[in-house]
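The values are calculated or read from the model by the stated rules, or taken from the named source; none is laboratory data. Every value quoted in this text rests on a predicted model; they were computed, and no experiment measured them. Positions of Cβ are generated from backbone atoms using ideal geometry, with glycine treated the same way; all protein chains shown enter the neighbour counts.
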Amino acid sequence: MKHSFKKLPNSQIELEVVLDQKEFVEYYQPIYDQALNSVHLKGFRPGAAPKEMASQAVNQEKVFEEAVNQIVREKLQELTKENDWKLIDQPKIEVIEDPKNPAGLKFKATLTVFPEINLGNYKKIAENVLKNQKPVVVSDQEAEDSLKWILNSRAKEVLADRPAQKGDVVEMEYIGLRDGKVVDQMSNENDKFILGEGKFIPGFEENIAGHKEGESVEFSVTFPKDYWEESLRDQKVDFKVTIKGVFARELPELTDEFAKSLGKFENVEDLKKSIRTGLQKEKEAKEKEKSQLKVLEEIRKSSAFDLPRIMVDKTMDNMAAEYQAMAGATKNKEEIRQHLQEAAEINVKDNLILYQIAKEERLDPTPEEVKAESDKFLARSQLNRKSAEKQIDLQRLYDYIYGIIQNRKVFEYLGSLK
């Protein structure tokens, strides 16, 4: 057997394999003999018909096809192992007529392989990024704002016989019309909001203030040019609003009793301390995530990838499906895919970076770690192993958990380099 190959873009390899007549016959003959022996001709026992007659009944094309399939399968397995190629897609096979070797076989295979990843100096990059990480500090204002939020969340609503003012809860019914036609996403039979918090577009809440229960008001608002819903950008919508109720909000008094009612707090000071601790942990987690993303970004910039198209396409398909589920079918699939192209490529590159670092630093999860984490997942899902086997693909779950643990180990390793 002779073979040659060359690398193509997008992590593909073009492989050419040539078998001479003798090598081809070694595969072809046993398949042909088996087909010959299975021929049934009237008047003869199976396999006893004259060879000349039986050979005419053999499907030569099918025999050739089976021989080619066996050769391709075995030679690809042999060559991928020899060259340490990891296939990530079905090979594309083309049988080529070769006048110089008419009794042999020549075929071309286009392979998509796991890409080569040439990482930058990730250790130095992580060290440089993390040493510039700023210490997290919780300000008095942040703690005070969180305490106010808690008080506001437990405010009592008392019906008020007066016009609505900032801070009141307003219950209303409204219809949005554009060119006389109802805009469904801008209409609601029963909505409730806190006046002044900016839930609606600029100009809407200002027209509600000063009106009381039972009153109706009509006004027009032009939507911002950067509004999230494209069809409403820079569009004028006419609103008809009926106020169904105005409620004053009475905040609870900040006392030790109030603190105790929220949980295991002895007094107000205990509550305040807990708020600060919670904010500290939250800010530290965000800063950690921010640093991790920065490390990945800098490693990405200094690394070289030959991304397989199939990896990017699959990632883009998954992202597009999630996008459509959240945003609705306002755009067609191809528009969404184009919009997500760059994000998908970054996603694939980052996953390859994490994979390669784990490989180089031997940070692979153990089977025990994967099982323990999977069991925790099943417990949270209130599934025992027996019922889980019926409802979910356990192998996919293990693969998913494996990736999570591996990524966590990589980030922990990079974090230790500062």
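Given (1) in a loop (DSSP other than H, G, I, E, B); (2) at pLDDT 95 or above; (3) not hydroxyl-bearing (Ser, Thr, Tyr), where does Val246 come up short, assuming only one miss?
(1)
Out of Glu116, Glu189, Glu197, Glu173, which single residue is among the acidic types (Asp, Glu) and more than 30 Å from Ser220 (Cβ to Cβ)?
It is Glu116.
For the range 193-209, does any single residue satisfy the condition of being of a type in the set (Val, Ile, Thr), part of a strand (DSSP E or B) and in contact with a His (Cβ under 7 Å, 6 or more places away or on another chain)?
Taking the range 193-209 first, the residues of a type in the set (Val, Ile, Thr) are 194, 201, 208.
Pick out the ones that are also part of a strand (DSSP E or B) and you get 194.
Narrowing further to those that are in contact with a His (Cβ under 7 Å, 6 or more places away or on another chain): none.
The answer is no, given that none of the residues of the range 193-209 is of a type in the set (Val, Ile, Thr), part of a strand (DSSP E or B) and in contact with a His (Cβ under 7 Å, 6 or more places away or on another chain).
Consider Glu257 carefully, then state whether it is exposed (fewer than 14 other Cβ atoms within 10 Å of the Cβ) and touching a residue at least 60 places away in the same chain (Cβ under 8 Å). Full working, then the answer.
Details: exposed (fewer than 14 other Cβ atoms within 10 Å of the Cβ): yes; touching a residue at least 60 places away in the same chain (Cβ under 8 Å): no.
Spelling it out, it is not the case that Glu257 is exposed (fewer than 14 other Cβ atoms within 10 Å of the Cβ) and touching a residue at least 60 places away in the same chain (Cβ under 8 Å).
Anything in the range 89-139 that is within 16 Å of Leu76 (Cα to Cα) and aliphatic (A, V, I, L, M)? List them, or say none.
Ile93, Val95, Leu105, Ala109, Leu111, Val113, listed by residue number.
Which one of these is under 22 Å from Arg162 (Cβ atoms) and among the polar types (S, T, N, Q): Thr255, Thr222, Thr242? Talk me through it step by step, then tell me what you get.
Details: Thr255 fails: under 22 Å from Arg162 (Cβ atoms); Thr222 fails: under 22 Å from Arg162 (Cβ atoms).
Just a single option satisfies the conditions, and that option is Thr242.
Mind checking which pairs have a first residue in the range 395-418 that is free of Cβ contacts under 8 Å to residues at least 24 places away in the same chain and assigned by TED's automatic domain parsing to the domain that holds Val370 and a second that is in a helix (DSSP H, G or I) and surrounded by 15 or more Cβ atoms within 10 Å (Cβ to Cβ), Cβ under 6 Å, 6 or more apart or different chains?
Final answer for the pair search is Leu397/Ser374.
Quickly run through the range 172-192 and pick out the residues that are over 22 Å from Val246 (Cβ atoms), hydrophobic (A, V, I, L, M, F, W, C) and part of a strand (DSSP E or B).
Within the range 172-192, Leu177, Val182 meet the criteria.
If I filter the range 145-157 for residues that are in a strand (DSSP E or B) and either outside the structural domain of Thr277 (by TED's automatic domain parsing) or of a type outside the set (Val, Ile, Thr) (or both), do I get at least one hit? Talk me through it step by step, then tell me what you get.
First, the residues of the range 145-157 that are in a strand (DSSP E or B): 156-157.
Next, from what is left, pick out any that are either outside the structural domain of Thr277 (by TED's automatic domain parsing) or of a type outside the set (Val, Ile, Thr) (or both): 156-157.
Yes, the range 145-157 contains at least one residue that is in a strand (DSSP E or B) and either outside the structural domain of Thr277 (by TED's automatic domain parsing) or of a type outside the set (Val, Ile, Thr) (or both).
Looking for whichever is outside any helix (DSSP H, G or I), outside the structural domain of Asp306 (by TED's automatic domain parsing) and modelled with pLDDT of 95 or more here; the options are Ile71, Ile93. Which one fits?
The match here is Ile93.
Within the range 144-170, how many residues turn out to be over 30 Å from Ser274 (Cα atoms) and either buried (at least 17 other Cβ atoms within 10 Å of the Cβ) or small (Gly, Ala, Ser) (or both)?
3
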